[in-house]
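Trainee: I'd like to ask some things about the structure below.
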Amino acid sequence: MFDTDKWQEIFYSLKQNKLRSFLTAFGVFWGIFMLIVMLGSGNGLQNGVTQGFGDFATNSVFIWTQRTTVEYKGFPKGRFFNYDNADIIAIQKNIKNIRYLAPRLRAGGRGGGDNVVRGLNSGAFQISGDFPDMNLIDPVNIDAGRFINDIDIEQKRKVVVIGTRVKESLFEPDEEPIGQYIRIQGVYFKVVGIFSSKKSGERADGDNQAIFMPFTTLQKTYNYGDVVGVFAITAYDNVSVSSVEEETIKLLKQRHLIAPEDDQAIGHFNVEKEFKQMKGVFMGIDGLIWLVGIGTLLAGVIGVSNIMLVIVKERTKEIGIQRAIGATPMKIMSQIITESVFLTAFAGYIGLVFGVGIIELVNFALLKSGTDSNMFRNPEVDFQVAVTALIILVISGAIAGFIPAKRAVSIKPIDALRSE
Amino acid sequence: MIEIKGLHKSYVTGNNKLHVLKGLDLVIEQGELVSVMGSSGSGKSTLLNVLGILDSYDVGSYKLNDTIMSNLTEKKAAYFRNNMIGFVFQSFNLISFKNAMENVALPLYYQGVGRKKRNKIALDYLDKMGIKDWAEHMPNELSGGQKQRVAIARAMISNPKVILADEPTGALDSATSLEVMDLFREINKSGITIIIVTHEKDISEKTNRIIHLTDGIIESDIILKN
């Protein structure tokens with residue numbers, strides 16, 4: 001129900017000293033504005049960095065070989081070694097909790113001379129032999145055709161899936177690459193799919209310049225025997241990949257006669273660990289933002305409380321009159337608290353609107369300029385946070401009003417009446 | 001109607017204790033028009049504040065309409081002030097941001113009466129006071145006499161049993177004072193008890209009973225034949 005008298009009084013008392021009301025409101029406005037802008041920027045930073053990872057399965061680990069650094073069982077240190085197909089079976093057999101196991105072998109790369117040719121076009125691209133599961137560990141968007149499948153692996157088909165940048169440099173824009181052949185290090189392969197990276201920035205660029213072929217095809221075609229380059233492993237969702245990583249490395253060390261204490265011999269990269277670390281950083285940033293934001297907001301709210309105290313003091317006599325003619329303490333308190341909540345919520349709401357406006361503006365500008373930054377992307381404030389902020393505002397407004405309200409009714413009516 | 005027995009009241013300020021009311025016994029019947037006189041410091045205002053439940057008392061008893069007024073919660077006190085008592089002050093005590101009509105309607109607002117209805121009732125009362133034309137005016141646009149009429153209308157709107165007036169003519173010139181007193185007499189005829197605190201003899205002579213306070217005790221209690 002809309003209580004005209006209540007609002008008449010609120011507006012009257014706020015209008016009594018417009019500058020004061022404005023400055024008080026500004027404190028709250030600034031608090032919520034800063035909170036929203038900082039939260040939005042924090043989200044932008046987080047979006048920028050996490051989208052750099054694309055849909056990368058974060059509970060994954062990559063394991064490759066390096067040189068041994070410890071003499072062991074008659075082998076000298078500094079030995080090179082390779083994983084092989086038998087390792088694949090051994091890992092599958094012995095290590096539990098592996099969801100996807102995708103061995104990978106790479107041939108050639110972007111660093112060397114042009115290794116891929118089609119007609120008069122050529123380029124230097126990363127060639128990698130993969131299993132279908134690779135697309136579940138480090139997924140890409142399949143824009144046309146398909147990814148490597150199990151039959152490709154089984155029959156060692158000479159087929160490839162190429163990145164968009166590969167397509168651009170080998171094919172004319174109006175050409176249909178699917179079904180066409182390209183020559184990779186002297187051997188012809190049929191293009192069966194085109195993919196693009198889900199990541200952003202440099203990572204995406206790297207991805208898009210790659211060519212995938214069946215793992216078995218690459219081993220056979222380029223005389224790698226049964227060598228395996230890298231194991232990509234994803235653990236089940238409820239299992240930490242770190243334990244899987246440890247077990248796998250232990251098994252590989254046994255199989256390749258590497259000293260158990262030789263940590264240098266096996267290279268590995270734990271995405272989960274990296275991701276957790278990054279998440280930790282963002283949680284820290286988030287925490288800091290809330291701390292500073294709430295602090296600023298608190299300062300604004302304390303300002304409101306102060307002003308309400310002054311208003312109550314100024315209006316002591318009026319409150320005395322109201323009580324003399326029958327206003328209950330509840331009525332007086334509700335009046336003051338409503339005023340405080342109104343001031344806080346109104347100023348806060350404007351701060352919220354301005355904050356979201358600025359965030360949206362920045363977002364718009366970023367989209368418009370088309371910068372694909374690895375650091376900052378899509379700043380946003382979720383609706384939930386905005387609603388939370390508003391609720392915090394209303395509650396803090398009520399708290400800010402409570403002390404002055406209590407003060408207003410703690411004075412005896414007769415003393416209030418006598419005050420000038 | 002009003003029954004006071006052995007009423008004591010003292011104020012403590014720092015180490016000093018000021019004994020203001022020193023054992024008052026007083027009975028005021030329904031429909032009386034009483035004036036309380038006394039020099040400043042005699043305790044007449046304190047008595048009025050106790051009667052109006054604006055202030056507490058220390059010893060004795062105070063019955064209003066057969067209900068003992070002691071240890072009331074502030075909510076209860078507000079209820080009694082709202083329903084049984086009407087106040088008229090020397091300085092009018094109108095709410096500055098409300099117009100005459102809204103000021104009069106205020107007690108009904110605290111009773112939860114709807115805005116339209118209470119403003120209509122308020123207009124009736126302003127009409128009775130002869131200032132209906134000024135209903136939309138703010139207090140600072142009214143003369144002293146008009147303000148006091150608004151205040152009296154406000155005191156009457158909730159149909160109180162008793163109207164307490166603290167120096168109601170103190171800020172008015174003598175002609176207006178007499179008008180206001182005539183108004184009180186008029187209201188009194190409808191059966192509402194009126195107690196007026198004053199130090200002006202000609203004002204008290206307009207009432208039907210004069211109680212003289214000196215140093216916190218009743219010095220004399222005279223019934224006039226008006």
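The values are calculated or read from the model by the stated rules, or taken from the named source; none is laboratory data. These numbers were taken from a predicted model, which means no experiment stands behind them. Positions of Cβ are generated from backbone atoms using ideal geometry, with glycine treated the same way; all protein chains shown enter the neighbour counts. Surface areas here come from the heavy atoms of the whole protein model, side chains and all, with no ligands, DNA or RNA. Shrake-Rupley method; radii C 1.70, N 1.55, O 1.52, S 1.80 Å.
Trainee: Distance between the C-alpha centers of region B:47-123 and region B:175-226? Whole Å please.
Mentor: One Cα centre to the other: 21 Å.
Trainee: Can you give me the distance in nm between label points at B:N15 and A:K313, each placed 7 Å from the Cα along the Cα-to-Cβ direction?
Mentor: 2.9
Trainee: To the nearest 10 square angstrom, what accessible area does B:R149 show with a 1.4 Å probe?
Mentor: 40
Trainee: Now, a different point. At 1.4 Å probe size, what's the solvent-accessible area of A:R20? Round to the nearest 10 Å².
Mentor: The value for A:R20 is about 40 Å².
Trainee: Just check region B:1-96 against the gyration tensor rule for me: Cα atoms, a ≥ b ≥ c as the square roots of the eigenvalues, rounded for a/c under 1.5, and otherwise prolate or oblate depending on whether a/b exceeds b/c.
Mentor: It comes out rounded by the Cα gyration axes.
Trainee: With all protein chains present, calculate the accessible area of A:W290 using a 1.4 Å probe and round the result to the nearest 10 Å².
Mentor: Its accessible surface works out to 70 Å², give or take rounding.
Trainee: Moving on. For region A:39-195, what is one quarter of the convex hull surface built on the Cα atoms, given in nm²?
Mentor: 14.4
Trainee: Further question on the same structure: How many Lys pairs in region B:1-101 lie less than 20 angstrom apart by Cα atoms, where the lysines are 8 or more positions apart or on different chains?
Mentor: For region B:1-101, the number of qualifying lysine pairs is 13.
Trainee: Using a ≥ b ≥ c from the Cα gyration tensor of region A:102-225 (square roots of the eigenvalues), is it rounded, prolate or oblate, where a/c under 1.5 gives rounded and otherwise the larger of a/b and b/c decides, a/b for prolate?
Mentor: In terms of gyration-tensor shape, rounded.
Trainee: If you don't mind, another one. When only alpha-carbon atoms count, how far does region A:135-178 stretch along each of its three principal axes, as whole angstroms with the largest first?
Mentor: Computed over region A:135-178, the largest-to-smallest principal extents equal 33, 23, 14 Å.
Trainee: Here's a follow-up. Where does each of A:D152, A:D263, B:D202 land when they are ordered by accessible area, with a 1.4 Å probe and the largest first?
Mentor: Result of the area sort, largest leading: A:D263, B:D202, A:D152.
Trainee: Give, to the nearest whole percent, the P(r) tail of region B:2-223 beyond 32 angstrom, counting all Cα pairs. It would help to have the intermediate numbers written out before the result.
Mentor: Values: 4290 of 24531 pairs.
Here the tail beyond 32 Å accounts for 17 percent of pairs.
Trainee: Grab the eigenvalues of the alpha-carbon gyration tensor for region A:375-420, scale each by 5, take roots, and send me the semi-axes largest first in whole angstrom.
Mentor: 44, 9, 6
Trainee: Might you tell me the accessible area per residue for region A:102-225, computed with a 1.4 Å probe and given in Å²?
Mentor: For region A:102-225, the solvent-accessible area averages 44 Å² per residue.
Trainee: Treating only the Cβ of Lys, Arg, Asp and Glu as charged (+1, +1, -1, -1), what charge dipole size does chain A show about its Cα centre? Round to the nearest 20 debye.
Mentor: Computed charge dipole of chain A: roughly 900 debye.
Trainee: Follow-up question, since we're still on this one. Just add up the charged neighbours of A:P103: K/R +1, D/E -1, any other residue whose Cβ is under 10 Å from the Cβ of A:P103.
Mentor: Value of the local net charge: -3.
Trainee: Which pairs, out of A:K6/B:K147; A:K190/A:K273; A:K273/A:K368, put more than 30 Å between their alpha-carbon atoms?
Mentor: Violating the 30 Å Cα-Cα cut-off are A:K190/A:K273; A:K273/A:K368.
Trainee: Let me ask something else about it. Mind checking the mean number of beta-carbon atoms from other chains within 10 Å of the Cβ atoms in B:91-98?
Mentor: Average per residue, whole number: 5.
Trainee: While we're looking at this one, here's another question. B:E186 versus B:S143, label points 7 Å from Cα toward the beta carbon: distance in nm?
Mentor: 1.5
Trainee: Next up: For A:K156 and A:Q185 in one chain, what is 0.36 nm times their gap in residues minus the Cα-Cα distance, to one decimal in nm?
Mentor: Values: separation 29, 0.36 × 29 = 10.44 nm, distance 1.69 nm.
Stretched out fully, the A:K156 to A:Q185 stretch lengthens by 8.8 nm.
Trainee: When the gyration tensor of region A:250-291 is built from Cα positions, what are the square roots of 5 times its three eigenvalues, in whole Å, from largest to smallest?
Mentor: Value: 38, 8, 6 Å, ordered largest first.
Trainee: Just checking the output field for A:6-18: average partner chain Cβ neighbours within 10 Å of each residue's Cβ?
Mentor: Shielding by partners across A:6-18 averages 1.
Trainee: Loop-only GluC sites (Glu not before Pro) in region B:122-196, please: DSSP not H, G, I, E or B, and at most 11 other Cβ atoms within 10 Å.
Mentor: Those satisfying the criteria are B:E136.
Trainee: Enter the Cα centre distance for the pair region A:281-349 and region A:97-153, rounded to the nearest angstrom.
Mentor: Using only Cα atoms, the two centres lie 62 Å from each other.
Trainee: Under the definition of Cα pairs under 8 Å and six or more residues apart, what whole-number percent is the relative contact order of region A:102-225?
Mentor: Computed over region A:102-225, the figure is 33 percent.
Trainee: Okay, next question. Taking N as the number of residues in the protein assembly as shown, what is its Cα Rg relative to 2.2 N^0.38 Å?
Mentor: Working it through for the protein assembly as shown, the quotient is 1.72.
Trainee: Can you list the aspartates and glutamates whose alpha carbon is less than 17 Å from that of A:K15, not counting same-chain residues fewer than 8 positions off?
Mentor: Of all the aspartates and glutamates, those that pass the test against A:K15 - Cα under 17 Å, at least 8 places apart if same chain - are A:D5, A:E314, A:E318, A:E339.
Trainee: Also, quick follow-up: Projected onto the charge dipole of chain A (+1 at Lys/Arg Cβ, -1 at Asp/Glu Cβ, origin at the Cα centre), which of A:Y349, A:A408, A:L19 gives the Cα projection farthest towards the positive end?
Mentor: So the residue we want is A:A408.
Trainee: Here is a further query. With contacts defined as alpha carbon pairs under 8 Å and 6 or more residues apart, what's the relative contact order of chain B in percent?
Mentor: Numbers: 449 pairs, mean separation 66.4, N = 226.
Reported relative contact order: 29 percent.
Trainee: Now for a separate question. Calculated FRET efficiency, A:F2 and B:S174, Cβ-Cβ r, R0 41 Å, to nearest 0.05?
Mentor: With a Förster radius of 41 Å, E is 0.35.
Trainee: Using the crude model of +1 on Lys and Arg Cβ and -1 on Asp and Glu Cβ, and no other charge, please compute the dipole size for region B:2-223 relative to its Cα centre, in debye to 20.
Mentor: That gives region B:2-223 a dipole magnitude of about 880 debye.
Trainee: With the crude spin-label approximation of a point 7 Å out along Cα→Cβ, what separation in nm comes out for B:S39 versus A:Q264?
Mentor: About 11.0 nm separates the two model spin labels.
Trainee: Through the Karplus equation 6.51 cos²θ - 1.76 cosθ + 1.60, θ set to phi - 60°, convert the phi angles of region A:346-360 into ³J(HN,Hα) values in whole Hz; use x for Gly and Pro.
Mentor: So the Karplus estimates, Gly and Pro as x, are 5, 4, x, 5, 4, x, 4, 4, 5, x, 5, x, 4, 4, 5 Hz.
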